[in-house]
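Trainee: Here you go, one structure.
The values are calculated or read from the model by the stated rules, or taken from the named source; none is laboratory data. This one's a predicted model, so the numbers in the text were calculated from it and none came from an experiment. Reconstructed Cβ throughout: ideal geometry from the backbone, glycine too, with neighbour counts over all protein chains shown. Just the protein is used for accessible areas: all its heavy atoms, side chains included, with ligands, DNA and RNA removed. Shrake-Rupley method; radii C 1.70, N 1.55, O 1.52, S 1.80 Å.
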Amino acid sequence: MKALKVLSFLLVCVVTHMSYGQDYTFDKKVTSKFLGHTRVFFFNSKDDSFFMEVSNREELVVSRIFDLKIKQQYYLYENPVDSQKLTYLKTDSLLSKVRNYTFEFVESKSDNDAETSEVIFKIFNAENKRIAKYKLTVKKADQSLFHLYKLSTLETLLGMEIKPPFNFIVLKAKGTNTHGNSTKYLLESIENINKTIKVPR
């Protein structure tokens, strides 16, 4: 009887804790291929301070929400019966270092009527030495969607503000990252969604 009371108390605590959690709303589901691997992300097109990555781990589908403002990451897994339901697993600190980098975008000449264009994106360190370079194939958009590419591929730049010269979405990219490794990215699909996930504080 005593054990039942303790269990009931713990369940009430968990429910109460979850009811006062943090809401994350996503309006874009992006499927992309990076270094030959297909990846799925959820983004908010108006807020680049958080995003979610979905991956398969053995028999579980695990979602990880990155909150760059408070530097935390939340782990959740899909209910095997109902994939729309996510169960909270744990919270970890998010280690992100703001580096003294500068950025440069150079748009190649293109026909004003062309649907896409090429942009060279360069990264420089504190000594103004170029440490990374990417060739982006982009499509002009009504709002800046560069962060859909940045957050899913440029892990060393998480939390850093980068302002492109005009609004666009990256369709594909290739180049050399800050570690000197070759990278390749391809946007496979983008969907408009309305998904809100609550996680405990």
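Trainee: Is the stretch 62-75 home to any residue that is open to solvent by 30 Å² or more (accessible area, probe 1.4 Å), part of a helix (DSSP H, G or I), without any contact (Cβ under 8 Å) to a residue 40 or more places away in the chain and among the polar types (S, T, N, Q)?
Mentor: no
Trainee: Quick check: anything in the stretch 115-136 in contact with a Lys or Arg (Cβ under 7 Å, 6 or more places away or on another chain) and more than 24 Å from residue 179 (Cβ to Cβ)?
Mentor: Scanning the stretch 115-136 turns up at least one residue that is in contact with a Lys or Arg (Cβ under 7 Å, 6 or more places away or on another chain) and more than 24 Å from residue 179 (Cβ to Cβ).
Trainee: In addition: Given the conditions (1) within 20 Å of the chain's Cα centre (by Cα); (2) open to solvent by 60 Å² or more (accessible area, probe 1.4 Å); (3) closer than 14 Å to residue 169 by Cβ; (4) among the charged types (D, E, K, R), and given that residue 97 satisfies all but one, which numbered condition is not satisfied?
Mentor: (3)
Trainee: In the stretch 111-143, what residues are within 22 Å of residue 98 (Cα to Cα), assigned to a loop (DSSP other than H, G, I, E, B) and not acidic (Asp, Glu)?
Mentor: 125, 126, 128, 129 - these are the residues of the stretch 111-143 that are within 22 Å of residue 98 (Cα to Cα), assigned to a loop (DSSP other than H, G, I, E, B) and not acidic (Asp, Glu).
Trainee: May I ask you to list the residues in the stretch 79-122 that are closer than 30 Å to residue 200 by Cα and at pLDDT 85 or above?
Mentor: 86, 87, 88, 89, 90, 91, 92, 93, 94
Trainee: Right, next: Just wondering, is there one or more residues in the stretch 131-144 that are closer than 25 Å to residue 46 by Cβ, in contact with a Gly (Cβ under 6 Å, 6 or more places away or on another chain) and among the hydroxyl-bearing types (Ser, Thr, Tyr)?
Mentor: Yes, some residue in the stretch 131-144 is closer than 25 Å to residue 46 by Cβ, in contact with a Gly (Cβ under 6 Å, 6 or more places away or on another chain) and among the hydroxyl-bearing types (Ser, Thr, Tyr).
Trainee: Return the pair list, or none, for Cβ contacts closer than 8 Å from residues in the stretch 138-160 that are touching a residue at least 60 places away in the same chain (Cβ under 8 Å) to residues that are acidic (Asp, Glu) and surrounded by 16 or more Cβ atoms within 10 Å (Cβ to Cβ), at least 6 apart or on different chains.
Mentor: Pairs that qualify, where the first residue is touching a residue at least 60 places away in the same chain (Cβ under 8 Å) and the partner is acidic (Asp, Glu) and surrounded by 16 or more Cβ atoms within 10 Å (Cβ to Cβ), are 147/48; 150/48; 151/48; 152/53.
Trainee: Residues of the stretch 165-180 being out of contact with any Lys or Arg (no Cβ under 8 Å at 6 or more places or on another chain) and modelled with pLDDT under 95, which ones?
Mentor: Those that are out of contact with any Lys or Arg (no Cβ under 8 Å at 6 or more places or on another chain) and modelled with pLDDT under 95: 165, 177, 178, 179, 180.
Trainee: Name every residue in the stretch 144-198 that is in a loop (DSSP other than H, G, I, E, B), under 12 Å from residue 48 (Cα atoms) and either hydrophobic (A, V, I, L, M, F, W, C) or open to solvent by less than 30 Å² (accessible area, probe 1.4 Å) (or both), in order of residue number.
Mentor: 145, 158, 160, 162
Trainee: From the list 85, 140, 129, exactly one residue is open to solvent by 90 Å² or more (accessible area, probe 1.4 Å) and either closer than 23 Å to residue 50 by Cβ or of a type in the set (A, V, I, L, M, F, W, C) (or both). Which is it?
Mentor: Result: 85 is the single residue among 85, 140, 129 that is open to solvent by 90 Å² or more (accessible area, probe 1.4 Å) and either closer than 23 Å to residue 50 by Cβ or of a type in the set (A, V, I, L, M, F, W, C) (or both).
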